[in-house]
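> Sending over a structure as structure tokens; questions will come in a sec.
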Amino acid sequence: MNIWSDVDFDKTANRVDKLLKYKLPRLARRCGRSLTDLSSPQLSSASSHSNRTDGQERMIVNSFSIENVVDAICQTINHCSDNSKLILIGNYIKYIPQEQLIMMLPYEKTYYYKVLKPIALNEFADLYDYYQDQCDVEQKDKIDLHVYVKADAI
């Protein structure tokens, strides 16, 4: 797709939700980190361990590749707007109950679900393209989280 392609807002939000809900915890564990390591106010991208003396070079290289992906996710969340950052950290890093998270925002519950959360997820998708490059994610591991609307046949 190109920069002018239309994005399916809801499907993109669903794709980002799945990445953050199901893939992020597993990726963090695979590179020796936990979600609590990621929950600092600045979403530190520093590894929780520096000891990599397990003797298995392949595991080390794989861990570094995974760590770059986790760093890209952290940097992306950290560079979202304030409301989006609060929503993303609350939902996917700290697991704050939805009702409590909604109370932290000056908006109605329905507005949160229909507008704010999808905006946060789409903002993440937009920024993630950039931070994959900034965090040296290998080309084979890069993903475009956007779901594009198919052009109407003329």
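Throughout, read-outs are computed from the coordinates displayed, never taken from laboratory work. Here the structure is a predicted model, which means the values were calculated and not measured.
> If each residue of separation counts as 0.36 nm, what is the full-extension length gain between ASP144 and TYR111 once their alpha-carbon separation is subtracted?
Additional length available on full extension: 9.2 nm.
> Could you work out the Kirkwood radius for the stretch 85-138, taking every pair of different alpha carbons, averaging 1/r and inverting it, reported in Å?
12.2
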